[in-house]
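To start, the structure itself, in structure tokens.
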Amino acid sequence: MQKDYRQCLDELAGAVPKRKAALIRSLLPGIETALMCGHGLKEIWVALAGERLHMSYHVFHKTVSRSRNARKPTAARSWGKQDKPLEAQGPQGQEWRQLKSGTHLRI
């Protein structure tokens, strides 16, 4: 019985996505390869439109852009900043105690 579920999910995963964003995300590796080979985004869109991709160039461009941006890692909050020890951040005259974990507590 579990085998039937897996087969069903495998078939579903192999099917063409119905949503435009999901379709573009599934095609993104090929789109990026074509871009690295020197093809333009409009040229890629024309080729895909020839294969019955029903999407305007504007929607295609936005969807590709959003899909590519979603895959980029974001910077950490303190990226590029120098972390000061908590002793330097606190007001003068207060005692700080460092725990074994490296965190500081005000006493």
**Prompt:** For the subset of segment 11-34 comprising residues that are surrounded by 10 or more Cβ atoms within 10 Å (Cβ to Cβ) and among the charged types (D, E, K, R), which member is modelled with the highest pLDDT?
**Reply:** GLU32
**Item:** From the options GLU11, GLU51, GLU32, residue that is within 19 Å of ASN69 (Cα to Cα) and among the charged types (D, E, K, R)
**Value:** GLU32
**Request:** Among residues belonging to segment 42-91 that are over 26 Å from LEU27 (Cα atoms) and surrounded by 10 or more Cβ atoms within 10 Å (Cβ to Cβ), point out the one that is modelled with the highest pLDDT.
**Result:** PRO85
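The values are calculated or read from the model by the stated rules, or taken from the named source; none is laboratory data. Small disclaimer: the values here were computed from a predicted structure and weren't measured. No Cβ is skipped: glycine too gets one built from the backbone with ideal geometry, and neighbour counts run over all protein chains shown.
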